[in-house]
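One structure is given below, encoded as C-alpha cells.
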Amino acid sequence: MKLFHKIFLCFALIFGLTFQSAGYLLLDFSYENAIEQGKRYAFQEFCHNQYLLQSLLYLEPEALAESESLSRLAEEFTVPAALYRADGTFLFSSMDTQPAFPSFTDAEEGRLHFQILEREDKSCVYVYDRVEQGETDVWLVTETDISGIVDAQRGMIAYFQRLYLLFVCIGIPVSYLLSKMLTDPIKALREAAKRIAQGRYSDRIRAGGRDEIGELAASFNQMAEKIEEKIADLSAAAREKEDFAANLAHELKTPLTSVIGYADRLYQRSLEREEVKSAAAYILHESMRLEALSRKLMDLFVLKRQSFPLEELSVKEIFAGLKEGMDAMCGERGVKLHIELQEGSIRAEYDLFETVVQNLLDNALKAECQNILIAGEREKSAYRLTIRDDGRGIPPGELGRVTEAFYMVDKSRARKQHGAGLGLALVRRIADVHGARLLLESDGKTGCAVRLDFPLPEGERNG
Amino acid sequence: MDKTKKPAVFSLLLSLALIVGSMACMDGIWRIRERRLLTESGSAEADSPVRAWRKEKSGKTDTEGNASLSREQIAEAIRHFDRRKEEFLHNPVEGQISMEEAIGIGERWIAEMGLKGGDGDREEAALYRAEATLSAGITEEDSGELEPYHSFWRVCFLNQRGNGVLYLNAVTGGVWSAEITVYEELPEGISAEKLRGFARLAGIEMENADFSQKVGERETLAVLRPKDGILYAKGEYYRLGAGRERSDEAEAVSEYVLTDGDKIRVTSAHGMGRIRYRIAPTEERIYNYDTDLTKVVQDVRVG
C-alpha cells in the first residue's frame, strides 16, 4: 500500500476514533448530569407533595378514609401520585399506569427510593417513601416526567452524529489533499532518483521548506552533486588512463619497431662492420630510451601508490649535496650553472627533491641553453625555488600541457635526446607530494623559468 | 480494474468502513448506556442544604424555649432569602421547628393579628386549608452547608376571612413576612399597635422605635423603626376593588372549596384588602415601587 493511502487511512482512523470517543465522553457526562438533575427535581417534587399530604392529614386526620378527600387530594398534588397503605395495599392513584414496585418493606429511614422507567413514549422517575402524620402511615409514590430531558439528550446525540457526518464529508477531501501534499515531494524525489539512475547526473530537485522532507531534498541534491563530481572524476581518470595507455603503447612501439627492424637486418644479412656498428648503435640508443622510459614510469607509479615522509631540510644543504652531480651534468654540455640561495628550510624528501632538480636540469640542457640559474628566495609563507635557463624555451600555448605524461612539444627532437615526455609529469607529481606549487614561464624564445613554491615549516613562517 | 487503482479503491472503502463502523459502534454503546441510565433504581439520601442547629454555639433561647437569633443573624437570613435564585425543599433538621409547629404558629399568628375567621371564640383561626413547606433559599454564591436559620416555613392558609402566605423562620418560628388577602371585615389600615404586634410575634423587640405612617386614599404605609437598630418592621395595606386597581388579582381569588363541600365566593361588590407585613434590614428601601402613595392624606409619626 502506498504511503499516501496509509496516511489517508490513518487520518480516517484517528479522526473517527477521536471524534466519536470525545463525543461519547462529552455526551455521556451531559446525559448523566441531566438525569441527575431530573432525579433531583423528582426528589423535590416528592418533598413538596409529601408536605401537601402531611398538611392535609394534619388538619383532616380522617381525610384518607373519604373518597371525596382523596379526589381533592389528587387535584392538589403537583404531579401524578399514588398512595399505598403501610402494608403495601393500594389506596389511590392519579397515574395513568401503575408501575410495579419493589417491596415497600425494604425502605430505609432517611432515604428516598427511586426507580427510572421508560414506557412507551415516556420516561419517568418514580420516587417513594413512607409518610407518617399523626396516626396515619402511608406510602407516597410520585411520578415525575423526565421525557423532556431524555428527548433533549437524544436530540443532542442525533445532532452529534449529523455533525460527525458533516465533518467526515469535509475531512475526506481535506485529508486527501493533505496526504497528497505530504507525499508529492517524495514522488518528486523518486522521479529525480530515476533520472539520475538513467544518466542525467545534473538533475536536481527543488529543496524548499525546513521540515524533514526539505532536509531530505537538500541531502539528495548534495548526494547528486557528489555523484556527478565523482562520475566526472572517474570519467577523467578513465580518459587519462586510456590516453596514458595509448601513449605508452605508442612510445613502446616506436623504439621497438626500430629495434626489431635493425635486429632483423643484422640477422638476415651479412653486413659490413660499419653497417653492423650503425645498426647496433641504433639498437643501443632505442634500448636506452626504453630503459629511461621504464625507469620514469616506475617512478610515477611509485609516487602514486606510496606515501613519503617529509623532513625539515635546509635548502642550502640540499643543494650542497647535489652540487657535484649538477656540476657534472652541466660540465658535460659546457653549460654554466649559477646558484643563488637564501637561507631557508623546507619540508622535503631528499631523493624526490633530487629527482626534481635532475629532471629540470635535464630539460634545460636538452633546450640547448648556455646558462642555468638556480635561485632560492624566502617569501612570507613559502620558499620559492626558480630554475631558469636561456634555451629555446617552451611556446606559451604549450605551457599548460607540458606537465602531461608523454606530452612532447617536439617529439622527434625529444626522441633523439632519449626523451619520453615524462620528466615534467614526474616533477609535477613530486611537487604535489611536497605540497608545492609548480609554475612555468616561457616566451618560447629566450628560455624557460620553472618556479616551485614550497610551503615553509611552521616555525619558519613570518620569521 | 486497473492494478494501480485497486489500492486506492481499497483504501477508500476501508476508510469509509472505519468511519461508518465507528458511528455504528458508538450508536450501539449509546443504546446500552442509555438503557442503564433509564432503568436505574436505588435510594438516595434525603438532601438537606442546611446543617443542624448548633445550640452550643448560639446558646440563646427565648422565653418559650425556642432558639433565638441575634439581630445580625436575622438581617443576614432575610438578605439571603431575598437574594435566592431557587428554593430547596427539605425535611427539618435538628433545631428546626416541625410542620405541625409551623402550622400551629401560623394559626396563632392569624388569630392574634385579628385575621381569624369562623367561630370568634376560638383562639386559633379556623383554617379551611393549610399547607406548609420547608425550604432553604439558594443563592449563586452559596457553597457547602448553610446555617439552619436560612430555612423558612412557607405556610399558605385559607379561611373564611381570607387567604395568605406566612414566612416563618425555621429556627425561631418567627413570622418575618406575611402577605394576606382579606375579603371580610376589611381593616381600616395599619395601626401602630398592629405593627408592634407583628414585630413582637416576629420575635423582634422594637424598643423606642419610631412609628410613621402615610395614609392615602386607598393605601396605607406604616414603618416601625428603632433609633439604632438594623431591622425595621414595615406594613402595607391597600384596598382592592373590581374595575379598579389590581382587578386581575381580584379575579384570581374567586372560589374556594371548603371541606364540607360549600363554596365561598368573593364578589367584587365586597372588595378585597391586601396586607403585607415584613421585617427588613434598614438598608432596604422603605417604600416599594408598587405601594408608593399617589397622594398622602395623613402622615403620622408616633414615638
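A short reminder: the numbers here are calculations on the coordinates, not readings from a lab. What you see is a predicted model, and the numbers here were worked out from it, not measured in a lab. We place every Cβ from the backbone using ideal geometry, glycine too, and count neighbours over all the protein chains shown.
Below, the figures for the structure above:
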{"item": "Length gained when the stretch residue A:95-residue A:2 is fully extended (0.36 nm per residue, less Cα-Cα span)", "result": "27.0 nm"}
{"item": "Neighbour-count ranking [beta-carbon atoms within 10 angstrom, fewest first] of A:15, A:406", "result": "A:406, A:15"}
{"item": "Calculated FRET efficiency for the pair residue A:181/residue A:308, C-beta based, R₀ 41 Å, to 0.05", "result": "0.10"}
{"item": "Theoretical FRET efficiency, 1/(1+(r/R0)^6), r = Cβ-Cβ of residue A:14 and residue A:194, R0 45 Å, to 0.05", "result": "0.85"}
{"item": "Filter on A:2/A:194; A:277/A:366; A:226/B:5; A:180/B:6; A:226/A:296 - keep pairs with C-alpha separation over 29 Å", "result": "A:226/B:5; A:226/A:296"}
{"item": "Averaged over B:8-21, number of beta-carbon atoms from partner chains that fall within 10 Å", "result": "5"}
{"item": "Listed residues A:90, A:114, A:329: farthest to the positive end of the dipole of chain A (Cβ charges)", "result": "A:329"}
{"item": "Point-to-point label distance, residue A:371-residue A:271, nm (Cα→Cβ direction, 7 Å offset)", "result": "4.4"}
{"item": "Contact order normalised by residue count of the range A:217-306, Cα under 8 Å, 6+ apart, percent", "result": "27"}
{"item": "Burial ranking of peptide ranges A:225-238, B:101-114 (average Cβ count within 10 Å, highest at the top)", "result": "B:101-114, A:225-238"}
{"item": "Most to least packed among B:144-155, A:325-336 [average Cβ atoms within 10 Å]", "result": "B:144-155, A:325-336"}
{"item": "Relative contact order [Cα under 8 Å, 6+ residues apart], chain A, whole percent", "result": "10"}
{"item": "Cβ charges +1 (Lys, Arg) and -1 (Asp, Glu), total dipole of the range A:275-331, debye", "result": "240"}
{"item": "For A:117-124, mean number of other protein chain Cβ atoms within 10 Å", "result": "2"}
{"item": "Per-residue HN-Hα couplings for the range A:301-308 [Karplus 6.51, -1.76, 1.60; θ = phi - 60°; Hz; x = Gly/Pro]", "result": "5, 4, 4, 5, 9, 10, 9, 10"}
{"item": "Residues in the range B:34-55 that a label on residue B:86 would reach, taking backbone N under 13 Å of a point 7 Å out along Cα→Cβ", "result": "B:49"}
{"item": "Within 10 Å of each Cβ in B:35-41, the average number of Cβ atoms from other chains", "result": "6"}
{"item": "The range A:308-460, relative contact order in percent, only Cα pairs under 8 angstrom and at least six apart counted", "result": "26"}
{"item": "Farthest positive-ward along the range A:196-347 dipole, Cα basis, beta-carbon charges - from A:313, A:256, A:345", "result": "A:256"}
